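Colleague: One structure, pasted below without further comment.
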Amino acid sequence: MTDNPLIRVLRTVAQGRSRSLDELARELNLCESTLRQILTTLAERGYLQLVASQCTGQCTLCPLQEHCLVMDTAIWVLSDKGRKVIAQWEAHTS
C-alpha cells in the first residue's frame, strides 16, 4: 500500500464498489474534510469525473453501482486518466 493519499483514494475508487463519502473516509482513515479536498484535487487534475450531480441513493438500480463514489449527492468515477495512473502505479509496484 502507498502512503500517497491521492493514490490511495484512486485505488480505492478503482476497486469498483459504490461508497458514500463517509464510508470512504472511514475506510481510508481520513477525515471527511481531508477526503473532500483530495477528491476536489483529483477532479481538478482530471483523475475523477463527475457523471451525475444527483444521486437517488438506490444503488441496486443504478448502472454505475460498481464504479462510483457518491459524494453528498454527486456521483464520481475514475476518468481514463485516473485508470491510466492506477495501471502505471500497479505496474511499477508489482
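Colleague: Residue separation times 0.36 nm, minus the C-alpha to C-alpha distance between Arg45 and Lys81: what's the value?
Modeller: 12.0 nm is the gain from fully extending Arg45 to Lys81.
Colleague: Report ³J(HN,Hα) in whole Hz for each residue of segment 26-37, in order, from the Karplus equation J = 6.51 cos²θ - 1.76 cosθ + 1.60 where θ = phi - 60°; Gly and Pro get x.
Modeller: 5, 4, 8, 6, 10, 7, 4, 5, 5, 4, 4, 4
Quick note: the coordinates plus some simple rules give every number you see, no bench work behind them. Predicted model only: the values in this text are computed from it and were never measured.
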